[in-house]
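The values are calculated or read from the model by the stated rules, or taken from the named source; none is laboratory data. Here the structure is a predicted model, which is why all the values come from computation and not from measurement. Neighbour counts are summed over all protein chains in view; Cβ atoms, including those assigned to glycine, are modelled from backbone coordinates with ideal geometry.
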Amino acid sequence: MKIRRRALLQTALATAATPAFAGASDNIIRFGLSVEKPASLDPAIGVQGADNDVTRQIFDAFVDPPYGTFDLDPKGLVGEAAESWEMSADSKTVTVKLRDGMVFHKGYGEATAEDAKFTFERLRDPVGGSQYRVFYQNVENIAVLDKLRFRITLKQPDPTFYATGMIARGALLVSQKAVEKLGQGFRRTPIGSGPFEFESYDAERGVILKPFAQYHGQKPGVAGVEFRYVPDSTARTLAFLKGQLDIIEGIRLPGWLDEVRGQAPKAAFDFTRPGSQNMIMFNMTRKPFDDIRVRRAIRFAIDRRVFQQAYGELYGDNWAINPPEYPGAFQKGQLPDDLQYDYNPAKAKQLLAEAGFAKGLTFETYISAREDYQAVMIMTQEMLRAVGIDMQLRTVDHTAYHTDNLRDQNIFGMNSETTAPVGTSLLQTYFSTANDVRKDGKGGRNYSHYGTAMPGIDDLLAKIINEPDIDRRQALTREAEVKILRDMPAFNALSLHWVFARNPRLDLGFKINASYAYFTLARARFTA
């Protein structure tokens with residue numbers, strides 16, 4: 001199976017000069033991103049994943065796993081904005097003390113518990129537009145105890161709240177004064193308390209950050225970071241090979257990793273595992289995807305081996321919704337036979353015929369121009385064609401793709417998402433009615449309308465949230481996954497490990513073993 005642009009990429013790599021990988025003479029990290037431009041640098045308003053690379057440098061998380069890991073043991077978490085934190089024995093309250101003397105960028109003053117309360121209230125605001133609000137449904141209230149201390153009280157016990165509600169995703173500390181003063185402008189001129197502060201943005205140089213002189217922690221070891229927007233995969237790779245970029249989002253196309261290793265054997269590669277979960281979603285409010293037979297036919301038409309052979313070491317199997325690396329997730333062979341969804345083109349054709357499409361089915365959908373989205377969907381297109389389904393793909397810019405998806409404008413979309421390894425994360429993101437997509441763009445990522453177009457898993461999610469016992473929570477989570485597999489509103493096609501190519505003289509300050517698809521550069525330094 002051919003993937004478009006691969007031949008062009010291979011030709012370009014073959015003619016590229018082998019990089020010398022000298023450290024940057026001006027001590028500035030130049031980071032190549034795979035999108036055309038930033039969409040929102042407000043951490044509460046997530047549009048596209050690449051924006052997180054930038055916001056992670058500008059804002060402090062309250063707490064985070066030890067850098068380069070997804071170790072969610074509360075006793076081992078790293079405090080950034082938080083100096084201390086404690087969950088009650090009944091897992092219903094979290095008391096947090098902020099660091100004393102921590103200040104915001106651009107003269108916006110000292111960070112206080114009022115700012116922390118404001119941060120979480122924005123995230124849980126049902127009309128505020130945050131795609132992360134689903135993780136705060138269980139919050140009863142947030143109380144300021146004194147200048148630096150605040151307490152989050154939950155409606156029901158949740159021993160996993162650290163992992164879903166307090167680490168570096170939307171839960172990044174913002175300045176109440178800055179948000180209220182700048183309004184929508186906060187998305188373009190973000191104010192945080194992190195190790196780097198926003199300096200400027202222009203189309204040629206991208207987002208430019210400089211070290212924050214008043215940072216409360218260890219000061220950055222570089223003179224700045226420039227995030228360059230290079231959506232063309234060939235151009236981004238060549239810029240890395242020529243030494244113009246120090247780190248890039250790797251290109252998750254078949255063969256890319258081997259090609260770059262051949263051209264740049266000294267390059268460093270960082271993998272985030274289990275990586276992104278490539279969720280393919282049926283909009284069940286649109287025909288023909290209101291028919292479960294069509295949805296199940298498409299699932300039976302997908303051959304996992306195609307992805308495995310194409311991606312090699314970047315590939316990860318998924319048997320249900322959560323990847324097998326998540327605690328309590330389904331492993332190979334643990335599901336009922338009819339829910340394994342092993343490749344079965346004859347079954348796919350039978351279901352299509354029963355649904356009235358014995359002579360075939362044609363539909364149009366659109367997809368992001370970003371290479372990993374393109375590759376997965378082109379392989380899917382070929383597999384569907386083999387059972388009589390003509391999926392016509394219309395390609396749009398990555399930023400526009402996500403913006404339109406959030407306005408409910410697609411019928412068969414894919415989303416690439418990395419979550420903390422907690423069983424409820426993907427379920428809340430993609431299958432909760434509280435996260436249903438809305439035409440005004442202020443909904444969530446339940447692009448299937450599961451729970452509104454048909455009964456969903458809300459009752460099971462409520463039971464999970466009400467259950468303090470971890471083993472029982474995992475059993476209920478598996479029960480919810482079984483229901484999703486039977487209803488087939490969406491499916492997790494594959495795990496695809498993120499890969500970053502890096503100048504070996506750029507030391508991140510820690511080794512990446514597992515992570516979101518972004519990480520702090522606060523400890524990064526160029527070595528001799």
Subject >> Residue pairs meeting the criteria (Cβ under 9 Å; at least 6 apart or on separate chains; first in the same structural domain as ARG505 (by TED's automatic domain parsing), in segment 232-246; second of a type in the set (Phe, Trp, Tyr) and in a helix (DSSP H, G or I)) >> reply: SER233/TRP256; THR237/TRP256; ASP246/PHE240
**OP:** Give just the number: which of (1) part of a strand (DSSP E or B); (2) at pLDDT below 95; (3) β-branched (Val, Ile, Thr) does THR153 not satisfy?
**Re:** (2)
**OP:** Looking only at segment 75-134, count how many residues are of a type in the set (Gly, Ala, Ser), assigned to a helix (DSSP H, G or I) and at pLDDT 95 or above.
**Re:** 3
**OP:** Count, please, the residues in segment 260-287 that happen to be more than 22 Å from the chain's Cα centre (by Cα), crowded, with 20+ Cβ neighbours inside 10 Å and under 22 Å from MET377 (Cα atoms).
**Re:** 1
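May I ask you to verify whether GLN48 is under 16 Å from the mean Cα position of the chain (by Cα), in a loop (DSSP other than H, G, I, E, B), touching a residue at least 24 places away in the same chain (Cβ under 8 Å) and under 22 Å from GLU199 (Cα atoms)? Before the answer, list the steps.
Values: under 16 Å from the mean Cα position of the chain (by Cα): yes; in a loop (DSSP other than H, G, I, E, B): yes; touching a residue at least 24 places away in the same chain (Cβ under 8 Å): yes; under 22 Å from GLU199 (Cα atoms): yes.
Answer is yes for this residue.
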**OP:** Scan segment 271-299 for residues that are farther than 23 Å from SER368 by Cα and touching a Phe, Trp or Tyr at 6+ places or on another chain (Cβ under 6 Å) and report the count.
**Re:** 0
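Condition test on ARG478, is it of a type in the set (Lys, Arg), within 27 Å of ASP303 (Cα to Cα) and in contact with a Gly (Cβ under 9 Å, 6 or more places away or on another chain)? Spell out the reasoning first.
Details: of a type in the set (Lys, Arg): yes; within 27 Å of ASP303 (Cα to Cα): yes; in contact with a Gly (Cβ under 9 Å, 6 or more places away or on another chain): yes.
It is true that ARG478 is of a type in the set (Lys, Arg), within 27 Å of ASP303 (Cα to Cα) and in contact with a Gly (Cβ under 9 Å, 6 or more places away or on another chain).
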**OP:** Kindly provide the set of residues from segment 429-444 that are surrounded by 24 or more Cβ atoms within 10 Å (Cβ to Cβ) and within 14 Å of the chain's Cα centre (by Cα), ordered by number.
**Re:** TYR430
Original post:
Can you pull out the residues in segment 466-482 that are crowded, with 16+ Cβ neighbours inside 10 Å, at pLDDT 95 or above and touching a Leu at 6+ places or on another chain (Cβ under 8 Å)?
Top reply: LEU476, THR477, ALA480, GLU481, VAL482
Original post:
Could you count how many residues in segment 361-389 are modelled with pLDDT under 95, among the small types (Gly, Ala, Ser) and outside any helix (DSSP H, G or I)?
Top reply: 2
Original post:
Looking only at segment 172-198, which residues are more than 25 Å from GLY221 (Cα to Cα) and either in a helix (DSSP H, G or I) or of a type in the set (A, V, I, L, M, F, W, C) (or both)?
Top reply: GLN176, LYS177, ALA178, VAL179, GLU180, LYS181, LEU182, GLY183, GLN184, GLY185, PHE186, ARG187
Subject >> Test: residue in segment 201-214 that is free of Cβ contacts under 8 Å to residues at least 60 places away in the same chain, in contact with a strand residue (DSSP E or B) (Cβ under 9 Å, 6 or more places away or on another chain), under 21 Å from ALA501 (Cβ atoms) and part of a loop (DSSP other than H, G, I, E, B) >> reply: yes
**OP:** Restrict the check to segment 428-438 and report whether at least one residue is of a type outside the set (Val, Ile, Thr) and more than 30 Å from ASP469 (Cα to Cα).
**Re:** yes
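Does segment 332-354 include one or more residues that are in contact with a Pro (Cβ under 9 Å, 6 or more places away or on another chain), of a type in the set (A, V, I, L, M) and surrounded by 16 or more Cβ atoms within 10 Å (Cβ to Cβ)?
Step one: of segment 332-354, the residues in contact with a Pro (Cβ under 9 Å, 6 or more places away or on another chain) are 332.
Cutting the leftovers down to of a type in the set (A, V, I, L, M) gives us none.
No, the conditions are met nowhere in segment 332-354.
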**OP:** Evaluate segment 497-516: report whether one residue or more is modelled with pLDDT under 90, under 27 Å from ARG124 (Cα atoms) and in the same structural domain as GLY46 (by TED's automatic domain parsing).
**Re:** yes
